[in-house]
Amino acid sequence: MSGTGIISLVIIIINIIVSYNGFKNFLFFDRYKFEVDKILLNKDYKRLVTSGFLHVGWVHLAFNVFSLYFFSGVVESITGSLQYLLIYFASLIGGNLLSLFIHKNEGDYSSVGASGAVCGIIFASIALLPGMSINLIFVRIPGWLYGIAFVLFSIYGIRSRRDNIGHDAHLGGALIGMLVATVLHPDVFFDNYVTILVITIPCIFFICMIIAKPGFLFIDSVFFNRHNKNYTVDQRYNIEKIDRQKEVDRILDKINRSGIKSLTPKEKQVLDEYSRVSR
């Protein structure tokens, strides 16, 4: 792959600086993270962008930074700096808008991470470079196979709701990145139309299912099937949401009274989990 370009390196550096500030300062982190009510009710739309430069920890940051480092060179060398920026930010905002739509009734839902933008860059590189392969530890797999596996895993992740990973933002960012790259360079469609269609069609179908049948998303998880058989899906969700919010409110009150250093490791973990969607 070609070397990472100047714009790619600048974005990587900004991610590191902003994330580091978020690690040190919870108020800074809280001010710029993605949060449904703050965006929809307070109209704080900057969070659709700023949340993409925050991360929940060093591992989350390192994963996204290294992904950008390895894939950005291909995209920036083919498209140039301006088009690279367009793909990056369109993927970031597009992924967050899809997440906002999916979670519009979950006011306390929050997330951070560059994963939507990173997925957009990865899938733009798959569209722009037919026949490319991807290194996964000691195995090289075709780009189209990675794309199909990613789409299927994202759909499963959204429907099962078994973790805190922002699969919806991943899926939205990946789709936007591939579509924008194809619009900017329509000639690649004729060279790589099979891969593009195989990835794009199920993504569009799934998004249409979200619009037509929102309940399609909220599928009971294996854990709830085994442990809470007497509750409906909605009842379990509301109970869990209320309990989580009460605990977070208690911790925030403690921060206001005594400062963030007064928190126990468990309380810090609760805040991390509340804010985390590792994308």
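The values are calculated or read from the model by the stated rules, or taken from the named source; none is laboratory data. What you are looking at is a predicted structure, and each value in this text was computed from that prediction instead of being measured. With ideal geometry, Cβ positions are generated from the backbone for all residues, glycine too; neighbour counts draw on all protein chains shown.
Any residue in the range 80-103 that is touching a residue at least 40 places away in the same chain (Cβ under 8 Å) sitting within a Cβ distance under 7 Å of a residue that is assigned to a loop (DSSP other than H, G, I, E, B) and not small (Gly, Ala, Ser)? List the pairs, counting only those 6 or more apart or interchain.
Partner pairs satisfying both residue conditions: 102/217; 103/109.
Scan the range 37-57 for residues that are within 22 Å of residue 251 (Cβ to Cβ), hydrophobic (A, V, I, L, M, F, W, C) and at pLDDT 90 or above and jot them down.
Within the range 37-57, just 54 meets the criteria.
Anything in the range 9-18 that is out of contact with any Phe, Trp or Tyr (no Cβ under 7 Å at 6 or more places or on another chain) and surrounded by 13 or more Cβ atoms within 10 Å (Cβ to Cβ)? List them, or say none.
Listed by number, the residues that qualify are 9, 16.
Taking the range 75-89, which residues are among the aliphatic types (A, V, I, L, M) and surrounded by fewer than 21 Cβ atoms within 10 Å (Cβ to Cβ)?
Listed by number, the residues that qualify are 78, 82, 85, 86.
Regarding the range 137-145, can at least one residue be identified that is without any contact (Cβ under 8 Å) to a residue 40 or more places away in the chain, assigned by TED's automatic domain parsing to the domain that holds residue 37, part of a helix (DSSP H, G or I) and not aliphatic (A, V, I, L, M)?
Within the range 137-145, not a single residue is without any contact (Cβ under 8 Å) to a residue 40 or more places away in the chain, assigned by TED's automatic domain parsing to the domain that holds residue 37, part of a helix (DSSP H, G or I) and not aliphatic (A, V, I, L, M).
From the set of residues in the range 28-68 that are free of Cβ contacts under 8 Å to residues at least 40 places away in the same chain and not in a helix (DSSP H, G or I), which is surrounded by the most Cβ atoms within 10 Å (Cβ to Cβ)?
If we take residues in the range 28-68 being free of Cβ contacts under 8 Å to residues at least 40 places away in the same chain and not in a helix (DSSP H, G or I), then 44 is surrounded by the most Cβ atoms within 10 Å (Cβ to Cβ).
Just checking, does the range 19-27 include any residue being surrounded by fewer than 21 Cβ atoms within 10 Å (Cβ to Cβ), under 19 Å from residue 120 (Cβ atoms), among the hydroxyl-bearing types (Ser, Thr, Tyr) and out of contact with any strand residue (DSSP E or B) (no Cβ under 9 Å at 6 or more places or on another chain)?
Looking for residues that are surrounded by fewer than 21 Cβ atoms within 10 Å (Cβ to Cβ), under 19 Å from residue 120 (Cβ atoms), among the hydroxyl-bearing types (Ser, Thr, Tyr) and out of contact with any strand residue (DSSP E or B) (no Cβ under 9 Å at 6 or more places or on another chain), one finds none in the range 19-27, hence no.
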